[in-house]
Amino acid sequence: MITLRVADKFGRYPGGRYEDDGPFSGEEFRKSILVPALIEAQGTGGKLVVDIDGVIGFAASFLEEAFGGLVRYRDFEAHALHGLMEIKSSQSRFDIYRDAIWQYIDEARPGDVPAAAAH
Amino acid sequence: MKIVTVADKRRNAYHAWKSFQHGIHWRRWRRAKNGSTAHYRVIIADDFGHVRGRASSPGIKCPAVFCLDENADEVIEFLAGVRKRLLEVSRTSIIQQKAKRKTHRHVSRYTDFSTIKKITPAAALVLAAEYDRFRRITGTRLPAINRHKWNVEVDRRLGELGFLSLLETDRRAIAPAQAGVHIACFRSGAANLPQDAGQMTEALTTLLREADIDPDAIEHQLYTGLLEAMENARQHAYPGDAAHDDQTVPLWWMTGEVDVLERRVAIAVYDHGVSIPVTLPTWALFDRVQRFFRPVLGRSPTVGEVEHDGRMIRAALSVGRTSTGLQHRGKGLGRLREIVNQARAGRLKVTSRCGEVWYQKGSRVRDRTRRHSIGGTLIELELQL
């Protein structure tokens, strides 16, 4: 089992959706941290635990781009992520973020990306 | 030695009076010839102090209650007038502007802030955004006129907000803060959302901690609310295909307020963008929004039909789609509504062009459309601790 603590590995202040929105974007998190961690977990046959404690808060667009983007950019399939990844938080008020992440993963459609990114 | 008689004195006084009257008549004749018929004595402030000057007209009076809740129609109409005047002045070349104000002793028109008796942070933010846009376009600041007549509490609030930094004003100290109520200095920007949202969140939570109030329960809601509102401005307010002129300043402005006594925190984010009703029809999933209108109109409203702005924003809040046409976008406004639901009590208000939508926890979403445009989009979020 591999644990990815977002506040330590990425930062306490996640930003917007795209890298153009500024640092600590969902796009940056997915490309540079989340995808490599999932590939590593997949290679070891274990699970990736994403710990969201310590972060100040998440914008919906950050979570959708970071986690929904895994499906939309065809990095992973939604059903595979349910077995490969776990979202963890010790604070009950962060349950909304955990629920939102799985909602975005389940609702994401493969290939539903901006035209520039599709090419 | 010449003896001055009483008759001499009377004659001298008469001639002096005649000369004085002649001078008055001549000055009146000159003013009438130049088109100005009256002069008003004012105190014009600049960064080095203040001078006695004159204005060609009485000041344009501000609404006494400068609040977008209690007096929205009058304030929005007034702000539309301010926007129009500032944009007209900004079209004048900078050299002409500085030549006119060379002596700092005469102004043609000015806004009289002394009539404001009460001002709220959200309304003050929109006012500050107009003056900040003028400053960015022209590189100059307008002088503060008759600041000594401004209401003390209004002066303090505008000073805390940072509005006075947008004017040339004397360096008179701002009155000490009213017990328990603090306004965070406004910020503006275009990118680097996490840093700006983080700094504003820290400023507000620091004020709460100083009053022995634990902000942990709402810290993430404040940060998320700011991010969502700022992202809405960044992603949708200034689309690349919209007709922007050289007076468009593609930024957002934000501020916050803490009321320790009422245990209330509020944030406001404003942009000068094209507005939600303008971008909605370009959404690929606009058909879901159209369902709100077909029962009433039998058709979809057009961009120019401002009378449906309130309903358009309400539809955007409910459907939660955006202009990119991608189904995964547009969760920001809906997310703001969820933030209100998570708090002990709260309110969300979105004002865009002529439309206004507000949602209070435990009640349903309401909308209305006003006569004048707010000139962009204003998002206000209020949370109760």
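The values are calculated or read from the model by the stated rules, or taken from the named source; none is laboratory data. Since this is a predicted model, take the numbers as computed values, not measurements. Don't worry about glycine lacking a Cβ; one is built from the backbone with ideal geometry, like all the others, and counts go over all protein chains shown. Surface accessibility is based on the protein's heavy atoms, side chains included, excluding ligands, DNA and RNA. Shrake-Rupley method; radii C 1.70, N 1.55, O 1.52, S 1.80 Å.
Which is of a type in the set (D, E, K, R), over 23 Å from A:Ser92 (Cβ atoms) and within 14 Å of another protein chain (Cβ to nearest Cβ), of A:Glu40, A:Glu27? Talk me through it step by step, then tell me what you get.
Numbers: A:Glu40 fails: within 14 Å of another protein chain (Cβ to nearest Cβ).
From the options A:Glu40, A:Glu27, the qualifying one is A:Glu27.
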Odd one out for A:Ile96, checked against (1) in contact (Cβ under 8 Å) with a residue 24 or more places away in the chain; (2) in contact with an Asp or Glu (Cβ under 8 Å, 6 or more places away or on another chain) = (1)
inquiry  = Just the residues that are open to solvent by 80 Å² or more (accessible area, probe 1.4 Å) and within 8 Å of another protein chain (Cβ to nearest Cβ), please, taken from region A:88-111.
reply    = A:Arg93, A:Glu107, A:Arg109
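Condition test on A:Ser61, is it over 19 Å from B:Gln199 (Cα atoms) and modelled with pLDDT under 95?
Yes, satisfied.
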remark   = In region B:340-357, residues that are in a strand (DSSP E or B) and either buried (at least 20 other Cβ atoms within 10 Å of the Cβ) or out of contact with any Lys or Arg (no Cβ under 9 Å at 6 or more places or on another chain) (or both) total 9
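Being at pLDDT 90 or above, assigned to a loop (DSSP other than H, G, I, E, B) and open to solvent by 10 Å² or more (accessible area, probe 1.4 Å) is the requirement here; does B:Gly304 meet it? Walk me through it before giving the result.
Details: at pLDDT 90 or above: no; assigned to a loop (DSSP other than H, G, I, E, B): yes; open to solvent by 10 Å² or more (accessible area, probe 1.4 Å): yes.
In short, no.
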key: Test for B:Leu280: is it at pLDDT below 85 and within 14 Å of chain A (Cβ to nearest Cβ)   = no
request  = Any residue in region A:49-68 that's at the interface with chain B (Cβ under 8 Å from one of its Cβ atoms) and buried (at least 24 other Cβ atoms within 10 Å of the Cβ): show its pairings with residues that are outside any helix (DSSP H, G or I) and among the hydrophobic types (A, V, I, L, M, F, W, C) at Cβ separation under 7 Å, as long as the two are six or more apart or on different chains.
outcome  = A:Gly68/A:Ala108
request  = Out of B:Ala229, B:Ala268, report the one residue that is of a type outside the set (Phe, Trp, Tyr) and either free of Cβ contacts under 8 Å to residues at least 40 places away in the same chain or assigned to a helix (DSSP H, G or I) (or both).
outcome  = B:Ala229
ask   = When both residues are 6+ apart or on different chains and their Cβ atoms are under 8 Å apart, which pairs have a first residue that lies in region A:21-44 and is polar (S, T, N, Q), and a second that is surrounded by fewer than 21 Cβ atoms within 10 Å (Cβ to Cβ)?
value = A:Ser25/A:Tyr18; A:Ser25/A:Glu19; A:Gln42/A:Leu84; A:Thr44/A:Ile2
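Consider B:Arg347 carefully, then state whether it is under 25 Å from the mean Cα position of the chain (by Cα), more than 13 Å from chain A (Cβ to nearest Cβ) and modelled with pLDDT of 90 or more. Walk me through it before giving the result.
Details: under 25 Å from the mean Cα position of the chain (by Cα): yes; more than 13 Å from chain A (Cβ to nearest Cβ): yes; modelled with pLDDT of 90 or more: yes.
Criteria met by B:Arg347.
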task = Return yes when A:Gly43 is at positive phi and open to solvent by 10 Å² or more (accessible area, probe 1.4 Å) and no when it is not.
result = no
ask   = Taking region A:1-26 on its own, how many of its residues are surrounded by 21 or more Cβ atoms within 10 Å (Cβ to Cβ) and farther than 16 Å from A:Met85 by Cα?
value = 10
